[in-house]
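The values are calculated or read from the model by the stated rules, or taken from the named source; none is laboratory data. Computed from a predicted model, the values in this text were never measured in an experiment. Backbone-built Cβ (ideal geometry, glycine too); neighbour counts: all protein chains shown. Note: accessible area is taken over every heavy atom of the protein model, side chains too, but ligands, DNA and RNA are not part of it. Shrake-Rupley method; radii C 1.70, N 1.55, O 1.52, S 1.80 Å.
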There are 2 protein chains.
Amino acid sequence: MNTQRNLADLVREAPLGDFIRTRDLIRDDIIRAPLLPYLGAEGRIRLQAECLQPLGSFKIRAATSALQQLDSTLLARGVATASAGNFAQGLALAARRRGVALTVHVPDSAARMKVDNLRALGAQVVEHTFADWWQIMSTRETGAADGTFIHPVCEPAVILGNGTIGLELAESWPELDTVVVPFGGGGLATGIALALRALSRKVRIIACEVATSTPLTAAFAAGKPTRVERHPSFVDGVGSNSVLEEMWPLLRELIDQVIVVELAEAERAVRDLALRHHIVAEGAGALALAAALSPQCQGSHVAAIISGGNIDASKLCPILETHS
Amino acid sequence: MNTQRNLADLVREAPLGDFIRTRDLIRDDIIRAPLLPYLGAEGRIRLQAECLQPLGSFKIRAATSALQQLDSTLLARGVATASAGNFAQGLALAARRRGVALTVHVPDSAARMKVDNLRALGAQVVEHTFADWWQIMSTRETGAADGTFIHPVCEPAVILGNGTIGLELAESWPELDTVVVPFGGGGLATGIALALRALSRKVRIIACEVATSTPLTAAFAAGKPTRVERHPSFVDGVGSNSVLEEMWPLLRELIDQVIVVELAEAERAVRDLALRHHIVAEGAGALALAAALSPQCQGSHVAAIISGGNIDASKLCPILETHS
């Protein structure tokens, strides 16, 4: 497989063979996540429970894919990334399993617990000021000889890994006509979209964002990436100040619609998932269910991607104990 | 399939064909529950997440199996059961899907919410004093012309339905050598044991009970069903005053070992399942993980059956917010 392929090529080619090979490459590191029937909506909504993946997020797919697509010479020199979140955790787990040295560059604002978890998984963690860290994210230059840099979003291997979800959805549910995906950087939505396109499946791709941070809505409105405010909330796994320039051409082409979810709807979805469907979703993970229940999805056969489950009890419990 | 087969015949014959047919009969009503790798214990423990089944419990398997094995003449006359718990809920869902009339006999002590849920699922609910209700459970005589009576535990079709979990475990995990099962009435443990025996798989069957109610431990100690105290706790899905006489011959033959779990261990397991593995388990559902982590399972390849997830936020959250 050509690991040098760039993002534009990936979109143009929509290479089914690469998605299938990727699925085989990552099989031993992930679970086949269940597609759970949602109680209500006449059986039209199903929940792709990626929160059940090892370390609680779909990112293990992308992280494993990125490692598996490097040859042994490159792996022996180690790999590096810039992320403090679920992608780095997944990469750390996949790297440890393979005995690959990993350096993770994080902003010094990263949560202590996440940094500790990375170290516990054997990664070397380097802290930077936010500006320096953002520079690494943008240029992929870490300033150290720490091996192949793997970008957490704008990386063909990452998008191929995420796209394996699309293969599973297509196989599990012939009637599927809509997929709702939480929008972080766009790697998840575009990966699933490309895999479904590679299979020649006509499926509407809806990205959802939380009302406190709507860079994708802004980009579609302006016709280009645009700076927006980001307000902190319990939905901390998505949202940014802007769509990444590098991702915009893919997003514009592959995403059919954006749904903005209010915080109260996201909270109701977290509660519904935990108490009626028995899965723990973080705020970002619950957005897709909230969007799937909106009028825009009425009458459709919708898979909602429950992307992750990493939420503290101190955030989860006040939501569960609210009666709505 | 011979629906008149009694329990003793079922044990003697260990009919693989019937388990396989049952699996096919219930396929559309259940999910293929994921066998999740437990984080820790060097990958030796896996979690059979039955809490993700529709209505949050493995009981949908047994309930659907019981209905599917009646012919259309019998179904047209309706069915009845005596249970207020997950079995009746599952039967109500399966009956509604098939347009079958269901009467559920419950003790007047049954939780209001459970009775309301049953009615919402279309069941007719008849309340009795506890003594009268127990009489129905023991004699299978409801005193009304409400169709075929389906016992929630001592019923070949129920045990066949539960046994489908054994087929899935055997298929998913060749190294499996131990299954840990929460002990309620014994239908789950014996079903899984019989299916594995039918497959000629040598697997140790461990039943677990909570320290506040240990009828199985008492029965093994005395060599026969024996009356014990039952103290209420958050683990409300298992425990009774005695093993059922009718089940004892199966239990004695099929269960290799009993592990008693302390309440604090059960709480730790609930927390671990929710916050690290992102599944919501009720107390009974978490017992199997607690037991799988005990010294008796050291070195084994253990599937822990996470049997159900129906727990109120008011019970769940104090457990999640405790730091251990």
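General remarks:
- Antiparallel DSSP beta bridges within region A:37-156, percent to nearest 5: 10 percent
- 20 Å-binned pair-distance histogram of the protein assembly as shown (Cα, whole percent): 19, 50, 26, 5, 0
- The tail of the calculated P(r) for chain B, taken as Cα-Cα distances beyond 34 Å, holds 16 percent of the pairs.
- Nearest-0.05 FRET efficiency for B:R230 and B:R119, computed from C-beta distance (R0 22 Å): 0.20
- Distance from region B:267-324 to region A:179-200 (C-alpha centre basis), Å: 34 Å
- Two-site FRET efficiency, A:D312 against A:D9, from Cβ-Cβ distance with R₀ of 41 Å, rounded to 0.05: 0.50
- Count of Lys pairs (Cα-Cα under 19 Å; at least 8 positions apart or interchain) in the protein assembly as shown: 5
- Within the accessible area of region A:123-162, the carbon and sulfur atoms contribute 55%, probe 1.4 Å, all protein chains present.
- Nearest 10 degrees, 0 to 90: helix A:283-292 Cα axis against chain A principal axis: 40 degrees
- Nm distances between copies for B:S240, ranked from closest, using label points 7 Å along Cα→Cβ: 5.7
- Within region A:290-324, the residues that become at least 30 Å² less accessible when every protein chain is included than when their own chain is isolated (1.4 Å probe; DNA, RNA and ligands ignored) are A:A313, A:C317, A:L320, A:E321.
- Fully extending the segment from A:S138 to A:R27 would add 36.9 nm, taking 0.36 nm per residue of separation and subtracting the current Cα-Cα distance.
- For the protein assembly as shown, A:C51, A:C154, A:C208, A:C297, B:C51, B:C154, B:C208, B:C297 stand unpaired, since no other cysteine beta carbon lies under 4.7 Å from theirs.
- Residue of chain B with the Cβ closest to the rotation axis carrying B onto A, and that distance rounded to whole Å: B:C317, 2.
- Here region B:273-292 is scanned for amide nitrogen atoms under 18 Å from the site 7 Å beyond the Cα of B:E321 along Cα-to-Cβ, giving B:274-275.
- Buried between A and B is an accessible area of approximately 1900 Å², summed over both sides with a 1.4 Å probe.
- Fraction of beta bridges assigned by DSSP in chain B that are antiparallel (%, nearest 5): 10 percent
- Degrees separating the helix B:59-68 axis from the principal Cα axis of chain B, which is the longest one: 30 degrees
- Between B:R201 and B:R252, the FRET efficiency from the beta-carbon distance, with R0 = 30 Å, is close to 0.90.
- Measuring heavy-atom accessible area with a 1.4 angstrom probe and counting protein chains only, the residues of region A:31-53 that give up at least 50 Å² relative to the chain alone are A:L52.
- Between copies, B:R119 shows label-point distances of 5.9 nm, shortest first, with the point placed 7 angstrom from Cα along Cα to C-beta.
- Euclidean distance between Cα centres, region B:79-97 to region B:41-60, Å: 21 Å
- Delta accessible area of at least 30 Å² on complex formation, residues of region B:230-278, 1.4 Å probe, chain isolated as reference: B:L275, B:H278
- Of the solvent-accessible surface of region A:167-324, computed with a 1.4 Å probe and all protein chains present, 49% belongs to carbon and sulfur.
- At 1.002 mPa s and 20 °C, Stokes D of region A:116-166 from Kirkwood alpha-carbon radius, µm² per second: 166 µm²/s
- Heavy-atom surface of chain B, accessible at 1.4 Å and reported per residue (Å²): 39 Å²
- DSSP assigns beta bridges within the protein assembly as shown; of those with both partners inside it, close to 15 percent run antiparallel.
- Label distances, nm, B:E42 versus same residue in remaining copies, Cβ-directed 7 Å point: 5.4
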